[in-house]
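To start, the structure itself, in structure tokens.
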Amino acid sequence: MAPPPLLALRTATVTFGAKPIFNDIDLAITPGERACLVGRNGSGKSTLLKALAGEVDLDGGERFLQPGTRIAYLRQDPNFGSAKTVGDYVLAGLPPDAGPEGPATVEAVLAALTLAAEKPVSGLSGGEARRADLARALVSRPDVLLLDEPTNHLDLPTIAWLEEELAGFRGALLVISHDRAFLKAVARRTLWLDRGTVRRLDKGYEAFEEWSEQVIAAEEQQARKDAAKLKEEMRWLREGISARRRRNMGRVRALYDLRQKMSERLKVAGSVRAEIASTDTGGTMVAEAEHLRYEIDQPTPDGGTLRRVLVPDFNFRLVRGARVGVIGPNGAGKTTLLRMLLGQLRPTSGKLRIGFGIEPVYFDQKREQLDPDDTPWKILCEGGGDQVIVNGRPKHVVGYLQDFLFAPEQAHSPVRSLSGGEKNRLLLAKLFLRPANLLVLDEPTNDLDLETLDLLEEVLADYPGTVLLVSHDRDFLDRTVTGTIAFDADGEVRAYAGGYSDWLTQRPDAPIAKAAPKAAAKPESTAPKAAATKLSFKEQREREQLPGQLEAGNTLLAKLEARLADSDFYSKDPKGFAETSEKLEELRANLAVLEDRWLELEMKAEELAQGRT
């Protein structure tokens with residue numbers, strides 16, 4: 001018999017305006033629970049966590065908290081309230097029964113997180129504020145720990161420390177994170193918030209991707225069946241509903257139910273589609289550093305200054321097409337190194353040569369290129385108008401924003417109203433419009449959901465230029481970069497071949513972080529192959545028909561894309577623009593299925609032909 005829950009939601013519903021964020025959700029957190037909550041940005045994950053924490057009122061259903069249960073909730077944005085210093089803020093999180101050892105516990109946790117108790121909360125950086133919030137949550141000795149993006153703004157040593165702390169945590173844990181390696185390390189169960197409902201997988205995140213693909217494939221198969229049925233029912237409806245009205249109203253109602261069902265299914269968020277504008281200018285050498293050194297003067301408590309070396313005697317050659325990750329603790333000098341390689345900072349000593357024809361774009365982690373009072377429309381159309389140029393092709397700004405998962409009405413919303421992930425996507429959308437041969441990304445993965453991370457990974461793989469990437473996301477680095485610049489624990493800056501896991505192999509004595517496994521390859525099927533010597537009649541027939549279906553689909557695709565590219569379409573007919581966009585999404589999805597099937601049949605036919613020869 002399962003133990004009674006410590007915390008639960010029963011038939012819970014939360015609605016913003018007329019839109020339900022989630023509806024009739026049942027979710028229970030039991031003793032010893034170690035779960036992660038995943039889903040796209042905007043799916044309601046943070047709202048669900050707030051509902052569990054009691055910080056959001058339910059519009060329906062109820063929240064249950066077992067008497068005496070202590071909850072600690074880590075928000076995405078810390079709220080320091082009236083606290084003046086880090087020590088005051090963390091001490092206030094101690095439970096009433098902490099006893100005399102409570103302050104010692106606070107001191108130990110702050111030391112582990114390299115935080116000074118006397119530091120004012122008003123001057124904390126993003127990473128320091130995150131660590132202070134973590135310290136307060138951990139010292140509270142909770143029975144249930146709710147963590148919303150705990151690794152945001154944390155460096156690799158702190159993430160490794162947090163993983164170790166959570167490994168020894170005896171309470172229940174529910175965490176939201178975009179860090180795949182972190183999720184794999186801390187979670188043994190996966191909750192998927194998808195279109196207002198929670199799906200449950202009683203396995204860790206490492207099994208999620210394969211499972212979710214199976215769920216989506218089953219839905220797509222059902223959608224195709226429903227589409228065929230809908231088409232037949234609509235034909236029947238058109239051919240004489242008035243003559244059958246009385247005796248067939250049940251069938252009509254079933255038809256409308258089917259249409260509603262398909263409409264709900266199509267509400268699933270689309271995929272981000274993006275490409276980076278590139279330029280063919282520039283030579284093979286992008287940048288070359290010889291004995292590069294950078295020093296700064298830091299004030300000391302006694303009013304003096306201390307000379308600190310951020311980059312010591314660094315030698316490096318960056319060639320065209322390289323994808324290089326930069327790793328190291330917060331404050332080590334990663335951003336400083338990027339700015340030197342961009343020519344924005346002059347080195348204290350050494351030589352730095354920038355190749356000819358280098359045209360960089362720079363993603364700054366503070367997103368200072370986004371004016372909070374501007375709108376996405378104004379930011380993308382800096383010179384006015386309603387079109388952007390995507391790799392030489394004009395496109396309406398609303399359609400381009402939809403490629404990055406923005407709703408049409410968000411085009412005129414102020415940037416300050418966007419979430420952190422939406423701001424990151426907007427900045428990426430802005431930068432991707434600029435022709436460049438050097439892409440410099442400083443912490444682009446903060447606040448992004450897993451699907452957008454996958455998209456960014458694919459875009460970088462297709463980008464013909466050079467990439468410099470600062471990130472604390474170990475899995476993303478392993479998937480993306482071919483070389484690594486590491487600010488090592490001994491104070492040296494070194495270049496290594498490969499990604500994060502390769503760096504660990506080459507530097508096994510470095511205490512910067514624990515090893516993170518590379519993305520696991522999908523196991524090959526062990527089922528015996530069929531002994532067929534040719535395609536079946538049905539498969540051969542399908543193979544012959546698919547090219548015509550694909551040609552017709554691509555012709556329609558071109559027509560829809562041309563219609564959406566019309567600069568007057570959105571302003572004259574916003575509803576028609578939205579409907580056409582939905583048709584385009586559905587058509588693209590269907591074409592992708594047809595293309596996969598055609599490739600599958602072509603490969604099978606080729607294999608069978610080779611087997612006969």
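The values are calculated or read from the model by the stated rules, or taken from the named source; none is laboratory data. This is a predicted model, so every value here is computed, not measured. Cβ coordinates were reconstructed from backbone atoms using ideal geometry, including for glycine residues, and neighbour counts include every protein chain displayed.
Annotations
- Cβ pairs under 9 Å, 6+ apart, first in the stretch 541-560 and in contact (Cβ under 8 Å) with a residue 12 or more places away in the chain, second part of a helix (DSSP H, G or I) and among the polar types (S, T, N, Q): Gly553/Asn590; Leu560/Thr580; Leu560/Ser581
- Figure legend. Inter-residue proximity from the stretch 69-94: first residues farther than 12 Å from Lys119 by Cβ and in the same structural domain as Leu145 (by TED's automatic domain parsing), second residues polar (S, T, N, Q) and in a loop (DSSP other than H, G, I, E, B), beta-carbon distance below 8 Å, spacing 6+ or different chains. Indicated pairs: Arg70/Ser140; Ala72/Ser140; Gln76/Asn152; Gly93/Ser140; Leu94/Ser140.
- Leading residue by the ranking (surrounded by the most Cβ atoms within 10 Å (Cβ to Cβ)) among those in the stretch 561-586 that are outside any helix (DSSP H, G or I) and out of contact with any strand residue (DSSP E or B) (no Cβ under 6 Å at 6 or more places or on another chain): Asp566
- Those residues of the stretch 313-345 which are more than 26 Å from the chain's Cα centre (by Cα) and hydrophobic (A, V, I, L, M, F, W, C), in sequence order: Phe314, Phe316, Leu318, Val319, Met340, Leu341, Leu342, Leu345
- Residue match in the stretch 155-166 (condition: under 20 Å from the mean Cα position of the chain (by Cα), more than 25 Å from Ala592 (Cβ to Cβ) and either assigned by TED's automatic domain parsing to the domain that holds Leu450 or of a type in the set (Lys, Arg) (or both)): no
- Number of residues in the stretch 1-23 that are over 21 Å from Ala72 (Cβ atoms) and surrounded by 14 or more Cβ atoms within 10 Å (Cβ to Cβ) equals 7.
- Of all residues making up the stretch 487-502, the number that are farther than 17 Å from Val467 by Cβ and modelled with pLDDT of 85 or more: 6
- Residue ID - farthest from Phe16 (Cα to Cα), chosen from residues in the stretch 196-209 that are among the acidic types (Asp, Glu) and assigned to a helix (DSSP H, G or I): Glu206
- Subset of the stretch 388-407 [of a type outside the set (Val, Ile, Thr), over 21 Å from the mean Cα position of the chain (by Cα) and either under 18 Å from Leu418 (Cβ atoms) or surrounded by fewer than 16 Cβ atoms within 10 Å (Cβ to Cβ) (or both)]: Asn391, Gly392, Arg393, Pro394
- Among the residues of the stretch 150-169, none qualifies, meaning not one is within 30 Å of Lys19 (Cα to Cα) and surrounded by fewer than 20 Cβ atoms within 10 Å (Cβ to Cβ).
- Test: Asp478 is crowded, with 20+ Cβ neighbours inside 10 Å, more than 21 Å from Lys378 (Cα to Cα) and free of Cβ contacts under 8 Å to residues at least 60 places away in the same chain: yes
- None of Ala35, Ala117 is modelled with pLDDT of 85 or more and touching a strand residue (DSSP E or B) at 6+ places or on another chain (Cβ under 6 Å) except Ala35.
- Options Ser242, Ser212; residue that is modelled with pLDDT of 50 or more, of a type in the set (Ser, Thr, Tyr) and assigned to a helix (DSSP H, G or I): Ser212
- Residue match in the stretch 89-101 (condition: assigned to a strand (DSSP E or B), at pLDDT below 95 and either crowded, with 21+ Cβ neighbours inside 10 Å or more than 26 Å from the chain's Cα centre (by Cα) (or both)): no
- If the condition is being surrounded by 18 or more Cβ atoms within 10 Å (Cβ to Cβ) and either in a loop (DSSP other than H, G, I, E, B) or assigned by TED's automatic domain parsing to the domain that holds Thr114 (or both), then the stretch 327-362 contributes Gly328, Pro329, Asn330, Ala332, Gly333, Pro347, Gly355, Ile358.
- Contact annotation: residue pairs with Cβ atoms under 6 Å, 6 or more positions apart or on different chains, pairing a residue in the stretch 309-323 that is assigned by TED's automatic domain parsing to the domain that holds Leu352 with a partner that is among the aromatic types (Phe, Trp, Tyr) and in a strand (DSSP E or B), are Leu310/Tyr294; Val311/Tyr294.
- Contacts under 7 angstrom Cβ, first residue in the stretch 148-165 being touching a residue at least 24 places away in the same chain (Cβ under 8 Å), partner among the β-branched types (Val, Ile, Thr) and in a helix (DSSP H, G or I), 6 or more apart: Thr151/Ile159; Glu163/Val186
- Test result for Leu27, outside the structural domain of Thr452 (by TED's automatic domain parsing), within 19 Å of Ile176 (Cβ to Cβ) and surrounded by 16 or more Cβ atoms within 10 Å (Cβ to Cβ): yes
- Scanning the stretch 109-147 for residues that are of a type in the set (D, E, K, R) and either out of contact with any helix residue (DSSP H, G or I) (no Cβ under 6 Å at 6 or more places or on another chain) or without any contact (Cβ under 8 Å) to a residue 24 or more places away in the chain (or both), we see that the one that is nearest to Gln66 (Cα to Cα) is Asp143.
- Looking at Ala589, Ala521, Ala531, Ala558, just one residue is modelled with pLDDT of 80 or more and either part of a helix (DSSP H, G or I) or farther than 30 Å from Gly399 by Cα (or both), and that residue is Ala558.
- Taking the criterion of being closer than 30 Å to Gly127 by Cα, of a type in the set (Asp, Glu) and in a strand (DSSP E or B), the residues of the stretch 280-326 that qualify are Glu295, Asp297, Asp313.
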